[in-house]
1. With each label point set 7 Å from Cα along the Cα-Cβ vector, what nm distance links A:Lys664 and A:Gln452?
2. Rounded to the nearest 500, what is the 222 nm mean residue ellipticity of chain A from helices alone, with -39500 (n - 2.57) per DSSP H run of 4+ residues and division by all residues?
3. Tell me, what is the percent relative contact order of the range A:133-279, built from C-alpha pairs under 8 Å that lie six or more residues apart?
4. State, to one decimal in nm, how far the label point of A:Phe727 lies from the label point of A:Ala393, with both points 7 Å from Cα in the Cβ direction.
5. Work out the count of Lys pairs in the range A:77-202 where the Cα-Cα distance is under 22 Å, with the pair 8 or more places apart or on different chains.
6. Based on the alpha carbons, how large is the Rg to Rh ratio for the range A:215-298 when Rh follows Kirkwood?
7. Suppose every K and R has +1 on its Cβ and every D and E has -1 on its Cβ; what is the size of the dipole of chain A about the Cα centre, in Debye to the nearest 20?
8. Using DSSP to call loops (not H, G, I, E or B), can you name the trypsin sites (Lys or Arg not before Pro) in the range A:763-792 whose Cβ has at most 14 other Cβ atoms within 10 angstrom?
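The values are calculated or read from the model by the stated rules, or taken from the named source; none is laboratory data. Predicted, not measured: the structure shown is a model, and the values here were computed from it. Cβ: placed from backbone, ideal geometry, glycine included. Neighbour counts: every protein chain shown. Surface accessibility is based on the protein's heavy atoms, side chains included, excluding ligands, DNA and RNA. Shrake-Rupley method; radii C 1.70, N 1.55, O 1.52, S 1.80 Å.
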Amino acid sequence: MGLAEDFPTRYEPKNVEPKWQKFWAEKKLYQFDETEGAKNPSKIYSIDTPPPTVSGKLHIGHVFSYTHTEITSRFKRMKGLNVYYPFGYDDNGLPTELLTEKDSGVRAHQVERSEFRKLCRETGNKYSQLFRDLWIKLGFSCDFDSAYSTISSTSQKISQWSFVDLYKKGKVERRKEPALWCTKLQTSFSQAEIEVEYIAGQFVHIPFTIEGLPPLQIATTRPELLPACVSVFVHPDDERFKPYWGKKVKVPFFGHEVPVLTDDKAQMDKGTGAVMCCTFGDTTDIQWWRQHKLPLREAINKFGKMTEICGPLAGLKIEEARQKMIELLTEQNLVLKVIPIKAEDRPVNTYERSGAPVEYIVQPQWFIKVCDIKEELIEIGRKVKWYPDFMRARYESWVQNLSWDWAISRQRAFGVPIPAWVSEDGQHIHVADFSQLPIDPLESKPSIPCPQGEWKGEADVLDTWATSSVTPLINARWTLDNERKSFLPMSMRPQAHDIIRTWAFYTILKSYYHFNDVPWAHAVISGHVKKPEAKVDGQQLAGQQFVKKTKISKSKDGETYAPDKILERQCADAIRLWSAGASLGVDILFDENGMAEAQKFLNKLWNASRFALMQMEGFTPDSKIQTVNPEDHWMRARIKEVHQLVEKSVEEYELHRAKVELDKLFWITFCDNYIEFVKCRVQSGSAEQKQSAFQTLYDSLLMILKMYAPYAPHITEEIYQIAFKRFENVDSMHQLRLPDPAALTAQETQGLKQGEALVELIGAIRTFKSKRSIGFKIPAEEIHFSCDAETLKLLQDSLVIAQNFASAQSVKSVDAKALPADAQEAPGKTLSVWIQYNEENLKKKSG
RNA sequence: GGGCAGUUAGCUCAGUUGGCUAGAGCAUCGCCCUUACAAGGCGAGGGUCGUAGGUUCGAGCCCUACACUGCCCACCA
């Protein structure tokens, strides 16, 4: 069997990639070794894979950041670790509901709850399958048998266990208080789900009348909240309003009287300096309402409509009411001034899942206490090692600025039920026993009697994050029969930086409450993929392109950026190599050209392997073969050097840094130089020298392939199967192990210097010829070179290579003074070269 | 307003304890179809490393101030 026949001239990823994906799956190559894990927990490397939210298609950003984890997992496996790399889907909760509504056209409230939940499960399954297919096509080494879904009954059980445990520890509370509310989706939500949007508005100046004094002018952007006004605030230092302090003013149009109070939070220079406090326009209103024990006047109901107390506004939507209010006030000459506010000057908090402006509704909600343990949370966050380290600052700034406890109840249909019952008056709570979980409180009743009326099962479901924050527990099969002892903390959590305040934060929080420990040793934070966009605004300098980075939109940029579309144009290995080309935590610009470059690399790897292996036709590798030539020692030394760097970089999750070094090794050392050096030896060297070259080629190429295998698993597998398997006796490339980096031998240290000197000499010869446009094949007479004594000694054994390079008849070292003035100097070195050509030969070329 | 990053070649970016003349890819130009690879090879041009100071024998890297860009957080009357 000849290698030449086995090794096609071209690498065809379209055929090769699916072939090995199937092979790996059949061999169950990436399955976590449960038995070994139980015996040897210190060898486990466990990854808390992000379960992508089932809210539509995956985008290139997912591919980018998941690829980093995927490559890391392969490296860890090659280091002999028992890698647990699961696959999950976050298919519970509001995102799935919204997707289901969109796909099916059925709204949650239009059908029975159970009916809608069924639709949601179907939707979840459909998209989960799509996700899985994509991961497989990208060559991901997830253990697909370890897949979990957050709506599964085991996930529900663990999520509910977490709820019950926290309740028993006094960390869960049910409170009736103003909560963040989305009027569009009719649910409460948490601080983490707030997104700031900039919406233009207007300041309306309105007079509040009082007997014996001129009317007090207030400025508001929300005149529709006048009926909810419960007081007016001014700053205690603001002398202008001193006469009004403690007095009551009349709310225009509605006529109820409210007190004028002082508080530091009222800004003198904003609006008129006097501000109305309504229940509730913003968080300051809530603080004032609490602090000053103000009454509650609710103007907006949970559907975003105005309430009965709003008189002529009742029943209107908020926006409509605002317009109507201005009209009504204007009719009575109660609008003193209208000042438009530009969008950029008016940040408005919105709910990230609906885009609707935040409202505040007083309803009983479930909370997990966080505001009182900020210091502890920061401390526990410091016990996690963050990669890159500066990402910890985001976590800390988020924790420091927390102002709401975590609202975990959602007034929605499809989620993990809150395992609790409440008495009719809301004063008594009964939470399920651990043994009952999972449970839907709407379908069963507690056995103990209710102290007041009947138990009512809690209809709210949990925030999706309440479940995804226990993914380490789901992975550890917490409380299940086959619980994985000592699985926690997990080795690492990979995720993108946008969900530090949600996923990372909540996971740390829960781990702290449950176990007083970190959930994982490492948090590895990746950047985003941005799309390049020509800058159109502002001045565009002539001939200069400005590149603006913007977020990729799933809907608008589908064709260009959808992973399945990209996979039609680029092979998986190329996409992976491109993804690995960003520094850790840094956003990257989408660059299909970069994938094309990666494709070129794959061709190069293919061709170099093909050539090297064809040279070795009939050779049987044997570790006992003596390495004799300095170039061989040099090649081996370079491999070791790079291997060290690769291991160190991968240890720090700097896959890009490792790749840069590998690329230099492969492209420059191996292809441009080593292979070229060896060419002459395999033609004319002694048997011993040939053996040395072959063995070095074999070892070097295999080592290079091993180090590239995590990045480009398909092509390395293909080459391995064709050429190496027969000698290595292991089923797959990906079952090979990376040895620990070894120190250089004395010969290798020497070889390193010799190789460098040779590269220098060859470089000078190349430059000499290139500058004179002398063709590669033109034979030279004699090469003259000058260099210091030390370099000369290093070059002594390799001069034949230089001679071969220029097809010269001889090569000799001369004194520097003996060289012509236009001899070629090696850059920055003492070495110079002059090549003597036969005029006839040079003419032949030009003629 | 507070914080975190970044600013290096025309473009996109490396540059890891401070150390020879600052690198790569793309783009540009020149040469070469060389028995692995023209989807390639060899070579060339191109940089006051954001600005101004400081520390040091020596600074792209450390310190200070400033400018600009991006992000996170706060700001919502």
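1. 7.3 nm
2. Numbers: 28 runs with 324 residues, N = 847.
Per the formula, -12000 deg cm²/dmol.
3. Values: 178 pairs, mean separation 27.7, N = 147.
Across the range A:133-279, relative contact order equals 19 percent.
4. Inter-label distance under the simple model: 5.1 nm.
5. Lysine pairs meeting both conditions in the range A:77-202 amount to 11.
6. On the way: Rg = 11.4 Å, Rh = 12.6 Å.
Rg/Rh for the range A:215-298 comes to 0.91.
7. Details: 109 positive and 112 negative charges, 118 e Å.
The calculated dipole for chain A is roughly 560 debye.
8. Details: sites: A:Arg766, A:Lys769, A:Lys771, A:Arg772, A:Lys777; in loops: A:Arg772, A:Lys777.
Passing sites in the range A:763-792 are A:Arg772, A:Lys777.
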